[in-house]
1. Just checking, how many residues over region 87-133 are more than 13 Å from the chain's Cα centre (by Cα), within 30 Å of Asp148 (Cα to Cα) and in a loop (DSSP other than H, G, I, E, B)?
2. Name the single residue that is farthest from Val34 (Cα to Cα) among those in region 106-129 being surrounded by 17 or more Cβ atoms within 10 Å (Cβ to Cβ) and of a type in the set (S, T, N, Q).
3. Condition check: of a type in the set (Ser, Thr, Tyr), touching a residue at least 40 places away in the same chain (Cβ under 8 Å) and farther than 17 Å from Met172 by Cα. Does Ser84 satisfy that?
4. State yes or no: is Tyr132 aromatic (Phe, Trp, Tyr), touching a Gly at 6+ places or on another chain (Cβ under 6 Å), modelled with pLDDT of 95 or more and within 18 Å of Val34 (Cα to Cα)?
5. Pairs, please: C-beta under 9 Å, at least 6 apart or cross-chain, first residue under 18 Å from Gly109 (Cβ atoms) and in region 22-33, second exposed (fewer than 11 other Cβ atoms within 10 Å of the Cβ)?
6. Whether any residue in region 68-79 is closer than 26 Å to Gly7 by Cα, touching a helix residue (DSSP H, G or I) at 6+ places or on another chain (Cβ under 8 Å) and part of a strand (DSSP E or B) is what I want to check.
7. For region 29-65, which residues satisfy the criterion of being of a type outside the set (Ser, Thr, Tyr) and surrounded by 15 or more Cβ atoms within 10 Å (Cβ to Cβ)?
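The values are calculated or read from the model by the stated rules, or taken from the named source; none is laboratory data. Because the structure is a prediction, the values reported are computed rather than measured. No Cβ is skipped: glycine too gets one built from the backbone with ideal geometry, and neighbour counts run over all protein chains shown.
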Amino acid sequence: MILSDQGILAGIENGSIIIEPFKRDCLGSNSYDVHLSRYLATYKDAILDAKKHNQIEHFEIGADGYILEPGITYLGSTQEYTESHAHVPFLEGKSSVGRLGIDIHATAGKGDVGFCNYWTLEISVQQRVRVYEGMPIGQLIYFAVSSDCITSYNNKPSAKYNQKTPLPMESMMWKNSF
């Protein structure tokens, strides 16, 4: 079951959903709009290795925006810090963003109960497009879960993305055993 605007507001009121900063006009009928932060990153190496810690280089979007190029994986982040303690958050791109040929996530659109952080975006584009800090980039949709979790994400010893940071985070695949 997807939460409506009323359900999202109830979650914010009881503390099971935290969105900072929260702006009432960003609340849709069943989603909440999130915005692109000023932080972007790209990988330093041309060839990425799933067993290696691939380093990234952070940079900021200037006042004139930043032109994204096809064929490059950009990591971005949301301006909003979020917590979800009783719902599964999903991040989807806004249709207006998709119509510009911007994908905001390759595979990581689902969060977990207990996710407490800024969202890292896996941005790719079909053609060159200029983006700006603060532009609406996606929408959070919250799903109710059928029972309480045994261990929420923020309490899992194996969770790889618990470090609270407004900067985009690189892949931590290398921490897995395979």
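1. Number of matching residues: 2.
2. By that ranking, first place goes to Ser124.
3. Judged against the criteria, Ser84 is a match.
4. yes
5. So the pair list comes out as Asp33/Asp25.
6. no
7. Result: Asn30, Asp33, Val34, His35, Leu36, Arg38, Leu40, Ala41, Asn54, Ile56, Ile61.
Residues are listed down the side, and each one gets a yes or a no for (1) in contact with a Phe, Trp or Tyr (Cβ under 8 Å, 6 or more places away or on another chain); (2) modelled with pLDDT of 95 or more; (3) buried (at least 19 other Cβ atoms within 10 Å of the Cβ):
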| site | (1), (2), (3) |
| --- | --- |
| Ile67 | no, yes, no |
| Ile72 | no, yes, no |
| Gly76 | yes, yes, yes |
| Glu80 | yes, yes, yes |
| Val88 | yes, yes, no |
